[in-house]
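Below: the structure, in structure tokens.
Taken together, the values in this text are just the output of simple stated rules run on the coordinates, not laboratory data. If you're wondering where the values come from, they're calculated on a predicted model, not measured in any experiment. Because the Cβ atoms are built from the backbone with ideal geometry, glycine has one as well, and the counts that use them run over all protein chains shown.
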């Protein structure tokens, strides 16, 4: 299965694994699953870190690179088809980063590892 990490899931796995559900941990570590971190999540972390709204043990560029390498997480780029899918989403959730992750999930048939109840409202496969 292809799993797209929600931004909070990536951060918690890297910094506070106790906040991650047992199911999400099992799915994350299952070698049968391909785990992806979106460029959208990297962008979100970078913006919030630079604005002082996100505390991390190291700058996002270093954290993401080291954690991806350590756990074999695949970088997932933002593509045109996903970006152009945004107007098709109902306005159930206003967060632009989450909305883009939802679009990537729909367009590419990915499951999202997330505890976010706002994302669960959409017609996407979520696991937690």
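Tabulated data
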quantity	calculated
Which labelled figure in [x] 13, 47, 35, 5; [y] 14, 46, 30, 6, 3, 0; [z] 10, 36, 35, 18, 2 is P(r) over Cα pairs in 10 Å bins from 0, in percent, once derived from the coordinates	[x]
Rough spin-label spacing in nm, given labels placed 7 Å along Cα→Cβ, for residue 111 and residue 58	3.0
Residues 86, 20, 40, sorted so that the one with the fewest Cβ neighbours within 10 Å comes first	86, 20, 40
Ascending count of other beta-carbon atoms within 10 Å, so fewest first, for 116, 79	79, 116
Contact order normalised by residue count of the chain, Cα under 8 Å, 6+ apart, percent	32
Helix-only CD estimate at 222 nm, as mean residue ellipticity for the chain, using -39500 (n - 2.57) per DSSP H run (n ≥ 4)	-13500 deg cm²/dmol
At R0 = 22 Å, FRET efficiency that the Cβ-Cβ distance of residue 33 and residue 81 yields, to 0.05	0.45
Cβ-based exposure ranking for 108, 93, in which fewest neighbours within 10 Å come first	108, 93
Cα-based shape type of region 87-128, given that a ≥ b ≥ c are square roots of the gyration tensor eigenvalues and the cut on a/c is 1.5	oblate
Separation of alpha-carbon centers, region 23-59 and region 76-113, rounded to whole Å	16
Förster radius 35 Å - calculated FRET efficiency between residue 22 and residue 66 (Cβ-Cβ, nearest 0.05)	0.90
